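Single-structure report; data block below.
Values in this text are rule-based calculations from the coordinates and carry no lab data. Computed from a prediction, not measured in an experiment: that's the story for all the values here. Here Cβ is always computed from backbone atoms with ideal geometry, including for glycine, and neighbour counts include all displayed protein chains.
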């Protein structure tokens, strides 16, 4: 397919359309080889991975990828295709999805949402995958198991932000992880569930890094945050700074 438009303008038009409606990128890739080269990288700019298709995304124009499809894609591409993705920043892995872990040798991320036990049992904290990691949300309910990730988490070289449901290791981690600036306890908004963690939370209220956030935090919240929305990390930073400067009570931990 030929075009009478200047190449730079044509590329800009296709990129704007692709970013406005990512579900159409596979169709744009069929227009011409040059268009495929422009828009295909945008298809992998934001990749939520789940064991099952995330159907709720489709009404919002966003693509969603089951883990099996992503694994097949990685295996189908030339060996250097994803290895050249050196700008990977933010990765969401749904609960109990471990199929992608063997493919992490050549990538590293700064932000990660992943199952706690699966990721930390399979990769040591010195692994290249964690070499740039600053923000980590532990996806599974770690308090339901005897697995204690505090030693591994404290060994992550650049971890500054951690979010988890209430877990037995949180007090130890606040003591042992010297790089940590924000630790968010994510809890269900029901009063009954919060009453269970309140006694533990109040013991940690003196540590301004500790914040309890109420709400539902799933793949949609993550996707919107990487598209430029204000996420709970940023809200927690503002909240902690207000405590630090005594604009609010220094022991107010419920955000």
Order of 30, 136 under a 10 Å beta carbon neighbour criterion, fewest first: 30, 136
Sort 104, 129 so that the residue with the fewest other Cβ atoms within 10 Å of its own Cβ comes first and the one with the most comes last. 104, 129
If the chain between residue 168 and residue 73 were fully stretched, how many nm would it gain, using 0.36 nm times the residue separation less the Cα-Cα distance? 30.4 nm
Ranked 225, 131, 164, criterion: other C-beta atoms within 10 Å, fewest first: 131, 225, 164
What FRET efficiency, computed as 1/(1 + (r/R0)^6) with R0 = 35 Å and r the Cβ-Cβ distance, is obtained for residue 23 and residue 237, rounded to the nearest 0.05? 0.60
